[in-house]
Amino acid sequence: MTLLSVNINKIAVLRQSRGGRHPCPLEFARLSVAAGARGITVHPRPDRRHISAEDVLAIAAVLPAGVEFNLEGNPFAPPRPGYPGLLALAEAARPAQVTLVPDGDGQITSDHGFDPAALPDGLTQQVAAFRALGARVSLFVDPGTTALQPIRDCGATRIEIYTGPYAAAHARGEPAAALADARRSAEAAQALGLGVNAGHDLSQTNLADFLARVPGVLEVSIGHALVAEALIEGWATTIGRYRAITGG
């Protein structure tokens, strides 16, 4: 069984495009849980382009026991007005999981993972600080990455496989090589005792094939495709269809 974590960043993008309070990410987090989602993912960015620090705290305050809160971000992005830094947010929100990504401020979306052979100075200390708050720590990695011992050594307990290349290959009708890359990363992680998550551009079209070919995926984070599909199918119906694929 694979846990479905609903990423609600795109709801906040819609709100920010107009200003004001609607659509409200907090309400969509509640709707997601009511529809059966077992996790909520948010990725606040320093420029506040979508999910804000205030959203993070509001959502953390209402999620019921048993629903995982996954907080994504770059731990090295410095605080600035309106963004206290990822560690400060985690201290206040106490997420069950923190997913660390090497994003720069100007990136539209996460599009690459950490290189285990060149992890940033200070990452071990950052991971320890998040774990001291009770959070599981996952590191975003590129598919095909297999030399994962440095990730385990820095204290992380999971990886998240970047599935953008797989989604693009699946859309072209040639997913085999991308699936093989993801499978190699998953098996290498599991051999070290690391758990495996996956995310980016997963959809109802490509998710079942991914889970069938990549073993032991514990969690998928899905937002962009889910929101796009829900514009046609409805929010609860779309979440139900993903849960039917993941089993969780």
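The values are calculated or read from the model by the stated rules, or taken from the named source; none is laboratory data. Bear in mind the structure is a predicted one, so any value in this text is a computation, not a measurement. Cβ atoms come from the backbone with ideal geometry, glycine included; neighbour counts cover every protein chain shown.
Annotations
- Matching option when the condition is part of a helix (DSSP H, G or I), out of contact with any Leu (no Cβ under 9 Å at 6 or more places or on another chain) and surrounded by fewer than 17 Cβ atoms within 10 Å (Cβ to Cβ), among Glu91, Glu27: Glu27
- Whenever a residue of region 177-202 is free of Cβ contacts under 8 Å to residues at least 40 places away in the same chain, its partners that are among the aliphatic types (A, V, I, L, M) and assigned to a helix (DSSP H, G or I), lying with C-beta atoms within less than 6 angstrom and at least six residues away or across chains, give the pairs Ala178/Ala169; Val196/Ala186; Val196/Ala189; Asp201/Ala167.
- Subset of region 144-170 [under 16 Å from Gln190 (Cα atoms) and among the polar types (S, T, N, Q)]: Thr145, Thr146, Gln149, Thr157
- Filtering region 171-202 to residues that are part of a helix (DSSP H, G or I) and under 13 Å from Arg213 (Cα atoms) leaves Ala176, Ala177, Ala178, Leu179, Ala180, Asp181, Ala182, Arg183, Arg184, Ser185, Ala186, Glu187.
- Within the set Ile232, Ile222, Ile239, Ile161, the sole residue that is surrounded by 21 or more Cβ atoms within 10 Å (Cβ to Cβ) and modelled with pLDDT under 95 turns out to be Ile239.
- Lone qualifier among Pro143, Pro150 - being part of a helix (DSSP H, G or I) and within 23 Å of Pro120 (Cβ to Cβ): Pro150
- Top-ranked residue of region 1-24 - restricted to ones that are of a type in the set (A, V, I, L, M, F, W, C) and assigned to a loop (DSSP other than H, G, I, E, B), ranked as farthest from Ala58 (Cα to Cα): Met1
- Filtered by the rule that a residue be touching a Ser or Thr at 6+ places or on another chain (Cβ under 7 Å) and either aliphatic (A, V, I, L, M) or surrounded by 22 or more Cβ atoms within 10 Å (Cβ to Cβ) (or both), region 120-144 gives Val137, Ser138, Phe140, Val141, Pro143.
- Complete set of residues in region 62-81 that are among the small types (Gly, Ala, Ser), under 22 Å from Ala129 (Cα atoms) and either assigned to a loop (DSSP other than H, G, I, E, B) or touching an Asp or Glu at 6+ places or on another chain (Cβ under 7 Å) (or both): Ala77
- Taking first residues from region 56-79 that are over 23 Å from Arg158 (Cβ atoms) and without any contact (Cβ under 8 Å) to a residue 12 or more places away in the chain and partners that are among the β-branched types (Val, Ile, Thr) and in a loop (DSSP other than H, G, I, E, B), no Cβ contact under 8 Å between residues at least 6 apart in sequence or on separate chains turns up.
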